Amino acid sequence: MTDRDEIDVVAGEFVLGTLDAGERASVAARRQREEALDAAIKAWEQRLGALGEAVPPVAPDAGLLSKIEARIDARAMAGPLTDQVVTLERRARRWRRIAVAASALAACLLIAIGVREVTRPQTAGIYTAVFQKDDASPAFLLTVNLDTRVLSIRAVAAQPQPGKSYQLWIVSDKLGGVPRSLGLIEAKHVPVSHPLPGYERAVVETATFGISLEPAGGSPTGRPTGPAFHAKLIAASR
Amino acid sequence: MTLQKPAEAAGAGLVPLMRRVAERDRAAFAELYQKTSAKLYGIVLRTLRRRDIAEEVLQEIYVQIWERAHQYDATRASPLGWMAVIARNRALDEVRRKRPVSLDDAPEALQVAVDAGDPLDLLEQSEALQRLRRCLDRLEPDRRQIVLSAYYDGLSREELARRFSHPVGTIKSWLHRSLLQLRDCLGQ
């Protein structure tokens, strides 16, 4: 079999549904980083999708919609970021390309994305940023609410590092172009809120953000000293 | 049971509805649910067989549809096709995780699936399905049946091996050859 055949039979079996649990999980993980496999799976979904037409519809229990709506409400209450995680995972591939380009600039400090890349989400005043630990997984999610002046940060893949602290920074030409600390952050898997210092709205909207790993208690110099996390600012929705 | 005509099944009218759901319109979501849930439930139930598990899984599927609606791309798939992919993936994950009905323990459950027959015999078919069917018809009859059983009943290679009384290795190589034959026949 050619390489393409190899990919197509794995992708075909994934869509057909004949893989066992372990193989399914492994293919699902691989498609996140192998574009050819992901494309092959999508092609099989197209090829075999018409088979679904032939399955007779069956009405589910009448109360099911209200149960679904209750679940959606519960997830919305769980935190402003919950809904976005799925979006973020899907965009991982694009961030990765940006991250690779951005790494060149990263010499020792922060990589961040200009807020100008962000389109304004439906909830006015709310911005979201993703800080990636490495090319594969988001590490922190940040939301900045300019109306309530609260920033909320949540660890996704990041773990607490013994003897180290994570520190959040803001950089803006309007603030002299040097990183200013926004404080230490905890690697918690629930959103932790911090007050946003009294920078002007326009400053925050155009600033860049970054997270660095510092000695316990924060940077001894008042500037980032440790390895920095890639920061990607994205729209909170869409 | 009445079956949807292909034009309705393709769900052209669902595209504007999906757009509204992507904009967080809960009324549109309820309408989308009313128009599509029987179809998705049919798919999920056929794979999972147990109503309690299938309804639990269907709830998760619609939560995913709500959360991922903004990713829907009308140039790549019909709304129903896109939702069916989410539904099948979730149902397959579930059926592999813990087999709700063991084929050994409950032969009558298997019987139901077999009695349901070949769904392709039943309905007015879209052009895509007719094309796919012509390609399926070029496979050896038993291999065609294996492909259809895998798709409709969510059987793994091991379960196919038991149902069709062939070694797993044979099933695997037949599946691979059938898939490549289908791909080449469909020319996509």
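The values are calculated or read from the model by the stated rules, or taken from the named source; none is laboratory data. Keep in mind it's a predicted model, so treat the numbers as computed, not measured. Here the Cβ positions follow ideal geometry from the backbone for every residue, glycine too, while neighbour counts run over all protein chains shown. These area figures cover heavy atoms from the full protein model, side chains too; ligands, DNA and RNA do not enter into them. Shrake-Rupley method; radii C 1.70, N 1.55, O 1.52, S 1.80 Å.
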Report task. Could you list, in sequence order, all residues of the stretch B:141-188 that are surrounded by fewer than 22 Cβ atoms within 10 Å (Cβ to Cβ) and not in a helix (DSSP H, G or I)? Result -> B:Ser165, B:His166, B:Pro167, B:Gly187, B:Gln188
Query raised in the report: Mind checking which residues of the stretch B:45-60 are at the interface with chain A (Cβ under 9 Å from one of its Cβ atoms) and within 15 Å of B:Arg88 (Cβ to Cβ)?
Result: B:Leu45, B:Arg46, B:Thr47, B:Ala54, B:Leu58, B:Glu60
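To keep it simple, each residue is scored yes or no on (1) open to solvent by less than 10 Å² (accessible area, probe 1.4 Å); (2) free of Cβ contacts under 8 Å to residues at least 24 places away in the same chain.
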| position | (1), (2) |
| --- | --- |
| B:Val57 | yes, no |
| B:Tyr62 | yes, no |
| B:Ile65 | yes, no |
| B:Tyr72 | no, no |
| B:Arg76 | no, yes |
| B:Val85 | no, yes |
| B:Arg90 | no, no |
| B:Asp93 | no, yes |
Report task. Would you mind finding the one in A:Leu48, A:Leu64, A:Leu37 that is within 7 Å of another protein chain (Cβ to nearest Cβ), within 23 Å of B:Leu132 (Cβ to Cβ) and open to solvent by less than 50 Å² (accessible area, probe 1.4 Å)? Result -> A:Leu48
Requested in this report: With respect to A:Gly17, determine if the residue is on the phi > 0 side of the Ramachandran plot and facing chain B (nearest Cβ under 7 Å).
Outcome: yes
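So that you can scan it fast, the table gives a plain yes or no per residue for (1) β-branched (Val, Ile, Thr); (2) modelled with pLDDT under 75; (3) in a strand (DSSP E or B):
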position	(1), (2), (3)
A:Ala158	no, yes, no
A:Leu168	no, no, yes
A:Gly177	no, no, no
A:Ser181	no, no, yes
A:Leu184	no, no, yes
A:Val190	yes, yes, no
A:Tyr199	no, no, no
Query - Test result for A:Arg149, exposed (fewer than 14 other Cβ atoms within 10 Å of the Cβ), charged (D, E, K, R) and more than 15 Å from A:Thr128 (Cβ to Cβ) - result: no
Query raised in the report: Only one of these conditions is not met by A:Val9: (1) of a type in the set (A, V, I, L, M, F, W, C); (2) within 10 Å of another protein chain (Cβ to nearest Cβ); (3) within 29 Å of the chain's Cα centre (by Cα). Which number is it?
Result: (3)
